[in-house]
1. Treating the angle as unsigned and between 0 and 90°, give the value, to the nearest 10°, between the Cα long axis of helix 75-84 and the longest Cα principal axis of the chain.
2. Over the residues of the chain, compute the C-alpha Rg and express it relative to 2.2 N^0.38 Å.
3. For region 13-67 and region 353-396, what is the centre-to-centre distance using only Cα atoms, to the nearest Å?
4. With a sphere of radius 12 Å drawn around the Cβ of Phe203, what net charge do the other residues whose Cβ falls strictly inside it have (Lys, Arg +1; Asp, Glu -1)?
5. Given H placed 1.01 Å from N in the peptide plane, which residues other than close sequence neighbours of His310 have an amide H under 5 Å from its amide H?
6. If you count the DSSP beta bridges with both ends in region 53-365, what percent of them are antiparallel, to the nearest 5?
7. Using only the alpha-carbon atoms, how far is helix 240-250 inclined from the longest principal axis of the chain? Give it as 0 to 90 degrees, nearest 10.
8. For each of Lys250, Lys435, count neighbouring Cβ atoms within 10 Å of the residue's Cβ, then give the residues from fewest to most.
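Values quoted throughout were computed directly from the atomic coordinates according to the rules given, and no laboratory measurement underlies them. No experiment lies behind these values; they were computed from the predicted model shown. Backbone-built Cβ (ideal geometry, glycine too); neighbour counts: all protein chains shown.
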Amino acid sequence: MIVDSVLTNAKAYINKELVQCCIAIENGKIFKISKETHMPKSDNKIDLKNFLVLPGLIDPHVHLRSEGKSYKEDFYTGTAAAAAGGFTTVLDMPNNLPVTFSCETLRNRVKLAESRILVNVGFYSEFPRDLIELTEIVKEGAIAFKLFLARQIGGLNIDNDQDLHEALIKVNELDLPFAVHAEDKNLLMMNEKKLKNSNKTDFKAFLKVHSEEVEYVAINRLLRLNGDTGGLHFCHVSSMKGLNSIINAKKTNPKITCEVTPNHLLLSDIDFDRYGSMLVMMPPLRGMDNVNALWKALRSGWVDVLGSDHAPHSVEEKMNTNVWDVKVGLPGLETSLPLMLTMIKNRLLTVGDLVLLFSENPARIFKLHNLGYIKKGKNADFTVIDFKKKYKIDASSFYSKAKYSPYDGWDVQGAPVKTFVNGLLVMDEQRLVAKMGSGTILKRNL
């Protein structure tokens, strides 16, 4: 038999060990893992030069923008950034223009993406006005549902506990992930009104509005409404108080999961003095006590996934002396992996931790059954890493349209040098070598 490709001289992470091996690929799947002498013949042979080969990395928290926000990012530039950053799969958030929260809006978004993406892309949906539409939205392709509690975005009334409880029940019945941005709208509005009436427009005012209490209240509200219903996934947790509530809930309900971003691990509120309005995000950066708590939970296994919360904007939207006029979020697809590889070098993480947080757990939580592992029959998605490469992050070279970053100029060690998606080499030494539209739309099978 002649297979499509054989990857030779790989140091692959398999079954929690680093294994010297070769990998045969056929029809986008892993066909065989063995020594070179046992490999089938192939049309294409690629020498991986003993680089580290990880299961393709999954970023479950990405804003690919496009449609009415295409000036910030589009499906091609966003997935190009993903491939360059070592990510083979991204899950796209629904707060778009128009908001993704119906069969029609999701169908249009998928149609636009199909011809432009370079990696695997799955789509979240916000909640429709009528929960009876959930099943049809899933049939249309939704991977998960997202609830944004900081302000009304989708059709579900976020002020009504009964509506939220019914949504939790129905999503659990569909066996889909229920992801939450947990900041309490009423507390936010009350805090913001008070600060704006006092003409407070600086970063400290923003931090006071988006207080730890705002996150804590929202997390506990959802945990109370969820009860023992089923799964609940908390995005970008930032505070020790909120995290402790999640940890306590996880002790009795293993379906409760949470995410932390590299931003909340590597930056804190004191960094506003250096980077200014660029750092405005939701939830905000917090004090070092919270940063240390996140790291402790991460290393203790309470944090399930890392998500970049890639949220690109134009430079003009990020630079303003009035904090209320600054768009929230940062690009992160091209910085997350090198930053976390550097944390491995600094002995704050292990390779096993990285695979768990960026591959295995996202695949499990979001039910991406063919992803997350290097194993026969799984998708041939690989992130190939040169651990010895030292360099400075250069935001001007990003494939993302958002060519700015607080990490610009940071020294890092460890770089993604090849990205394979469904057996196809997409990125090679930071060059995109696959055609636009070569990526795959991920859909849930009911």
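1. Once rounded, the angle reads 60 degrees.
2. Values: Rg = 21.2 Å, N = 446, 2.2 N^0.38 = 22.3 Å.
After normalising by residue count via 2.2 N^0.38 Å, the value is 0.95.
3. Region 13-67 and region 353-396 have Cα centres separated by 10 Å.
4. Details: positive: Lys200, Lys204, Lys208, Arg274; negative: Asp202, Asp269, Asp271, Asp273.
Local net charge: 0.
5. Amide H neighbours of His310: His63, Gly332.
6. On the way: 1 of 25 bridges.
Of all bridge pairs located within region 53-365, approximately 5 percent are antiparallel.
7. That works out to roughly 60 degrees.
8. Values: Lys250 16, Lys435 10.
So the residues, fewest neighbours to most, are Lys435, Lys250.
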